[in-house]
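Just below is one structure, and these are the notes that go with it.
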Amino acid sequence: ITFTGREALTKQGCATAKWVIRRTGPEEKFLIIYRTREGHKCGTALIVINILAWDGIDFMRATHAYDTLRTTLSEHGMPTDRRCGQNETRTCSCQGENTTDCGASFSFGCSWSLFFNGCKFGRSSSPRKFKLANRSKEPELEDLLQDFATDVSPLYEQMAPKAYGNQVAKEDMASACRLGKKPGRPFASVTACLDFSAHSHYDKHNLDCGATVVRRTVQCFLIE
């Protein structure tokens, strides 16, 4: 990464791409994005911003996941109103103006609650962590997202072992909040995005020295 002197924003404060990174071919398996700390020559002179595994997920499984999410969320999903969905003045139309087919973000799993100072489902006797308008569709969605978390965890451990270790260090203390079907579960929540454009923001409740994993099928799929 090189310093440009100008943030990648439009005049309205909306995100815009300054560079487009493409895969050179099937022989390229990984892409590392990093920046150099000016004036440093030590072992931490390079800061890794992003590690991309081009073939991190089987193509057929990705296709099945996309088809399932696309139909289930568009028909039964309950979009999350996220502040990063618009610019600071709330005047943009980055997600589209038609509410029936606009970009949307859907949140599932556990997250920290300001009101409870803990998990938002901490006082719920029957939490619906994968809530949909049609309750009969929730088990299928939960199974898909649990499989996603299970599949991506070993790759996460391989690519960023220290961040992975930080996120699983206390997994036994809140096992009910974790996603995945096997031990070694670093994730607690999932954000599924369909044609959603996220504006610049900071997730202040993420674990320090952890990481956010993006699993792309055809649209963006975020696991936190």
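Summary table below
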quantity: Additional length obtainable on full extension of the chain from residue 30 to residue 9, 0.36 nm per residue less Cα span; calculated: 4.8 nm
quantity: Virtual spin-label span in nm between residue 207 and residue 55, 7 Å along Cα→Cβ; calculated: 2.9
quantity: Charge tally in the Cβ shell below 13 Å around residue 95, where Lys, Arg are +1 and Asp, Glu are -1, residue 95 excluded; calculated: -1
quantity: For the chain: accessible area per residue (Å², 1.4 Å); calculated: 67
quantity: Protein accessible area in the chain, 1.4 Å probe - carbon and sulfur %; calculated: 52
quantity: Correct option for P(r) over Cα pairs in 5 Å bins from 0, in percent [calculated from the coordinates] among (1) 1, 7, 15, 20, 22, 19, 12, 5, 1, 0; (2) 1, 6, 11, 16, 18, 18, 14, 9, 4, 1, 0, 0; (3) 1, 7, 15, 19, 20, 15, 8, 4, 3, 3, 2, 2, 1, 0; calculated: (2)
quantity: The chain: calculated mean residue ellipticity at 222 nm from DSSP helix runs of at least 4, using -39500 (n - 2.57); calculated: -7000 deg cm²/dmol
quantity: Cα-centred dipole magnitude for segment 87-158, charges only on beta-carbon of K, R (+1) and D, E (-1), debye, nearest 20; calculated: 520
quantity: Size of charge dipole - the chain - debye, nearest 20, with Cβ of Lys, Arg +1 and Asp, Glu -1, no other charges; calculated: 560
quantity: Unit Cα scatterers, Debye sum, segment 15-137: log10 I(q)/I(0) for q = 0.19, 0.21, 0.22, 0.23 Å⁻¹; calculated: -1.23, -1.23, -1.24, -1.25
quantity: Calculated FRET value between residue 112 and residue 216, using beta carbons and R₀ = 35 Å, to 0.05; calculated: 0.85
quantity: Zone of residue 134's modelled label, taken as backbone nitrogen in segment 59-73 under 15 Å from a point 7 Å along Cα→Cβ; calculated: 68-73
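The values are calculated or read from the model by the stated rules, or taken from the named source; none is laboratory data. Bear in mind the structure is a predicted one, so any value in this text is a computation, not a measurement. Methodologically, a virtual Cβ is constructed for each residue, glycine included, from the backbone with ideal geometry; neighbour enumeration extends over all protein chains shown. Please note that ligands, DNA and RNA were not included when accessible areas were found on the heavy atoms of the full protein model with its side chains. Shrake-Rupley method; radii C 1.70, N 1.55, O 1.52, S 1.80 Å.
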